[in-house]
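The values are calculated or read from the model by the stated rules, or taken from the named source; none is laboratory data. Nothing here was measured: the structure is a model prediction, and the numbers come from that model. Reconstructed Cβ throughout: ideal geometry from the backbone, glycine too, with neighbour counts over all protein chains shown.
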Amino acid sequence: MRTYRFPVFLILVAVLWTAAPPCQAWESPPQLPIGTQEFGLSAGYLLPHRLTTDHTTRQSGLALMPSWAMVLTDPIGTGWIRGQILVGAEIVYIQFQRPFLTHGAGFTPKIKYLFEGAHGLRPYVEFAGGPFYTDLGGRIPEESSRFNFVLTAGAGISWFLTPQASVNIGYRFHHISNAGTRYPNLGLNSSLPFGGFSFYF
């Protein structure tokens, strides 16, 4: 089944491309009015970071992240930092494939700063955090609890194919721990490169 995921993603991009006339290369990326809602879906693959010698687990696996956000501001700032603030929420699902097959799911409020950009491209930075449950907890030396929290910080770029649709690629630093509610609590740290798409209404 895994072999079909990338072709399906390419088909979705093609549908977005043909759904409406794309932004011309000389056009600025679309300004999003206050109240515009963004519905997105991203997928990526976790890669382990063992930050100390006590981190021995090499966790990895697929991540799926449907999300929603709303534009809160008109463009603010000047120059290259000019952009808009969005706030929203995201569901995080991870299928850990190493060290053994387990699962994790959580809910994270998020904030995103979408730079103004140029030529149909809008870079962004984002931060999110919230509760996360995984049956990996209690089975590895870094985590003793199944109830945890997930924190992410990352950056990416949105390529607006139309004023209402974009393709996104990015990177997140991904941290899971139980916030000291049980010990041990070394936590799990990962890199999460991802890709996806968003619709704007």
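Taking ARG98 as the residue in question, decide whether it is modelled with pLDDT of 95 or more, out of contact with any His (no Cβ under 7 Å at 6 or more places or on another chain), more than 18 Å from THR152 (Cα to Cα) and among the basic types (Lys, Arg). Against the criterion (modelled with pLDDT of 95 or more, out of contact with any His (no Cβ under 7 Å at 6 or more places or on another chain), more than 18 Å from THR152 (Cα to Cα) and among the basic types (Lys, Arg)), ARG98 does not qualify. Taken together, GLU143, GLU116 contain a single residue that is farther than 16 Å from GLY83 by Cβ and either surrounded by fewer than 21 Cβ atoms within 10 Å (Cβ to Cβ) or out of contact with any Phe, Trp or Tyr (no Cβ under 9 Å at 6 or more places or on another chain) (or both), which is GLU143.
Does the stretch 81-113 hold any residues that are aromatic (Phe, Trp, Tyr), surrounded by fewer than 21 Cβ atoms within 10 Å (Cβ to Cβ) and under 21 Å from the mean Cα position of the chain (by Cα), and which are they? Residues satisfying the conditions are TYR93, PHE107, TYR113.
Checked against the criterion of being closer than 30 Å to ASP54 by Cβ and either of a type outside the set (Gly, Ala, Ser) or under 21 Å from the mean Cα position of the chain (by Cα) (or both), the candidates THR134, THR78 yield just one match: THR134. You will find that of ILE140, ILE169, the residue that is β-branched (Val, Ile, Thr) and more than 18 Å from ARG98 (Cβ to Cβ) is ILE169 and no other.
Summed over the stretch 101-124, residues that are assigned to a strand (DSSP E or B) and closer than 19 Å to ILE169 by Cα total 11.
Residues are listed down the side, and each one gets a yes or a no for (1) at pLDDT 90 or above; (2) not in a loop (DSSP other than H, G, I, E, B):
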| position | (1), (2) |
| --- | --- |
| PHE39 | yes, yes |
| SER42 | yes, yes |
| LEU46 | yes, yes |
| LEU51 | no, no |
| ASP54 | no, no |
| GLY61 | yes, yes |
| PRO66 | yes, yes |
| THR73 | yes, no |
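Looking only at residues of the stretch 169-190 that are within 11 Å of the chain's Cα centre (by Cα) and surrounded by fewer than 19 Cβ atoms within 10 Å (Cβ to Cβ), we find that the one that is farthest from GLY129 (Cα to Cα) is ILE169. Residues of the stretch 14-25 include none that is under 23 Å from LEU114 (Cα atoms), among the hydroxyl-bearing types (Ser, Thr, Tyr) and either loosely packed, with under 15 Cβ neighbours inside 10 Å or modelled with pLDDT of 95 or more (or both).
Condition check ((1) over 23 Å from LEU47 (Cα atoms); (2) in a strand (DSSP E or B); (3) free of Cβ contacts under 8 Å to residues at least 40 places away in the same chain; (4) of a type in the set (Ser, Thr, Tyr)) across all residues:
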residue: ALA155; (1), (2), (3), (4): no, yes, yes, no
residue: SER158; (1), (2), (3), (4): no, yes, no, yes
residue: PRO193; (1), (2), (3), (4): no, yes, no, no
residue: PHE197; (1), (2), (3), (4): no, yes, no, no
